[in-house]
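Novice: Dumping the structure here so I can ask a few things about it.
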């Protein structure tokens, strides 16, 4: 059995600080999104990606890749969003098994109203409190960890 490399006091403090910051930031942004626009943190990026896509349409697998979600998670969310009239789903003409997801006029109106408020919330919660050097460091750390995780086996 391998020897456990327990975290030092500083390492544990860094880890807990990151976890707490992530949880608090996520909770704050979700609460603000829901109260200001009625969107959840899961729905917002779906509408954002669709609004930026050509003709407001993406194949389901493309959307899942952009979001980095499992197919089942996306499917369940899209069903709820379709019921709310925010997106529509139709069979792909080139592949009858594939689905094309489109943003509806109501979905576009909602994301266009929500986006400026969401950006203001991101600024209030994080961006405006960081120096240029801190932002560069956050980017560096995030990319370093992301690249390392991308090379790990499942």
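The values are calculated or read from the model by the stated rules, or taken from the named source; none is laboratory data. These figures come from a predicted structure and were not determined experimentally. Ideal geometry is used to build each Cβ from the backbone, glycine not excepted, and the neighbour counts take in all protein chains shown.
Novice: How many residues, within segment 90-146, are in contact with a helix residue (DSSP H, G or I) (Cβ under 8 Å, 6 or more places away or on another chain) and within 17 Å of residue 63 (Cα to Cα)?
Specialist: Residues that pass the stated criteria total 9.
Novice: List pairs: first in segment 1-26 and part of a helix (DSSP H, G or I), second surrounded by 10 or more Cβ atoms within 10 Å (Cβ to Cβ), Cβ under 7 Å, 6+ apart or cross-chain?
Specialist: 15/7; 25/125; 25/126; 26/41
Novice: Which residue, of 43, 11, is at pLDDT 95 or above and over 28 Å from residue 116 (Cβ atoms)? Walk me through how you get there before you give the answer.
Specialist: Values: 43 fails: over 28 Å from residue 116 (Cβ atoms).
11 is the lone residue from the list that is at pLDDT 95 or above and over 28 Å from residue 116 (Cβ atoms).
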